[in-house]
Amino acid sequence: QAIDAAFAGRAIESLRDAGERAYALNAYATASSFFESAMELSAAGSVERACLLFKLGRSRHLTGDLEPDALTAACTELMAVGDSETAAEAEAALARLYWYRGETDRSAEHYGVAHKLAEGREPSPAIASVISSVARSLMLSGNPAGAIPLARQALAMAEQLGLDELRAHALSTIGVARMDIGDPAGIEDLERSVAVAVAANVPNAICQAQVNLWATLLSTGQLKQSSVVVDAAAETASRFGLVLQQRWIRGCRALDTFDRGNWNDAQ
């Protein structure tokens, strides 16, 4: 049945808004459904469709779906319509997806593209998110010295724009990186990261900050405190249905249990 363009436009707007609301409430499967419905009404080759494809791919990833097709297509379509800022976000999201798949070379490649697209741009939520993601990737790949200045740049943008979730992410990266170069004050950044994330009530950021704090406490022999933190992270992930975080924390708890000598339980 033919759909009037004006009516389709209103429907797309409503579906997109519903998807964004569901995403904000961590209902990622519901968000994916709304974005997919909106895409069915959007014109091929439009900026609108490219942006919806990015939102769809990102939401699917957070449900635990590690197929790269949607985000790969989003990167291509966003560049084709000239939206290089959102393309940078999509490239960073695709890089994270490949990292979770264990394909670290492909992950690094996409982080490189994201960084190049974001460099030299005026501060915005998208650019701050990309810079923070690139900094985290450097920290995770064993380059703390390279991670710290980028994470501080992202932190400055987040503070300027009032983005508490990104503040928490940047502080977490800074904290781990500082500890990795032998600066014990990094634990204060990690504690601030948890506090900022909890105050902003952002579950993904809370889990990430808690897991990074757990790892630091464990590596410095503070076993009692680390146990409390990883239990709190597990509770947060379970309460909000964060599938990827739940998988990650199960791995953390196995390591934690092993390091305490409870080998059968760890296995």
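The values are calculated or read from the model by the stated rules, or taken from the named source; none is laboratory data. Keep in mind it's a predicted model, so treat the numbers as computed, not measured. Cβ coordinates were reconstructed from backbone atoms using ideal geometry, including for glycine residues, and neighbour counts include every protein chain displayed. Areas reflect the complete protein model, heavy atoms only, side chains present, ligands, DNA and RNA absent. Shrake-Rupley method; radii C 1.70, N 1.55, O 1.52, S 1.80 Å.
Contact map, region 197-214: first residue touching a residue at least 60 places away in the same chain (Cβ under 8 Å), second residue among the polar types (S, T, N, Q) and part of a helix (DSSP H, G or I), Cβ cut-off under 7 Å, separation 6 or more or different chains; pairs are Pro203/Thr236; Asn204/Gln245.
Per this entry, Tyr111 is counted among residues that are buried (at least 24 other Cβ atoms within 10 Å of the Cβ), at pLDDT 95 or above and of a type outside the set (S, T, N, Q).
Does region 25-39 contain at least one residue that is of a type in the set (Asp, Glu) and within 19 Å of Ala88 (Cα to Cα)? No, region 25-39 contains no residue that is of a type in the set (Asp, Glu) and within 19 Å of Ala88 (Cα to Cα).
Can you find a residue in region 7-21 that is among the β-branched types (Val, Ile, Thr), over 22 Å from Phe240 (Cα atoms) and either assigned to a helix (DSSP H, G or I) or in contact (Cβ under 8 Å) with a residue 40 or more places away in the chain (or both)? Within region 7-21, one or more residues are among the β-branched types (Val, Ile, Thr), over 22 Å from Phe240 (Cα atoms) and either assigned to a helix (DSSP H, G or I) or in contact (Cβ under 8 Å) with a residue 40 or more places away in the chain (or both).
A single entry from Val243, Val228 fulfils the requirement of being among the β-branched types (Val, Ile, Thr) and under 21 Å from Leu140 (Cα atoms): Val243.
When region 36-64 is filtered for residues that are open to solvent by 20 Å² or more (accessible area, probe 1.4 Å), within 22 Å of Asp4 (Cα to Cα) and in a helix (DSSP H, G or I), the ones remaining, listed by number, are Glu36, Ser37, Met39, Glu40, Leu41, Val47, Glu48, Arg49, Cys51.
Restricting attention to region 65-92 and to residues that are of a type in the set (Ser, Thr, Tyr) and touching a residue at least 12 places away in the same chain (Cβ under 8 Å), the residue that is surrounded by the most Cβ atoms within 10 Å (Cβ to Cβ) turns out to be Thr86. For the list (1) of a type in the set (Gly, Ala, Ser); (2) outside any helix (DSSP H, G or I); (3) open to solvent by 30 Å² or more (accessible area, probe 1.4 Å), I need the number of the one condition that Ser33 fails. Going through the list (1) of a type in the set (Gly, Ala, Ser); (2) outside any helix (DSSP H, G or I); (3) open to solvent by 30 Å² or more (accessible area, probe 1.4 Å), Ser33 breaks only (2). When the criteria are applied in full, Trp263 fails the requirement of being under 24 Å from Leu138 (Cα atoms) and either open to solvent by 30 Å² or more (accessible area, probe 1.4 Å) or out of contact with any Pro (no Cβ under 8 Å at 6 or more places or on another chain) (or both). In this structure, Leu138 does not qualify as under 14 Å from the mean Cα position of the chain (by Cα) and aliphatic (A, V, I, L, M).
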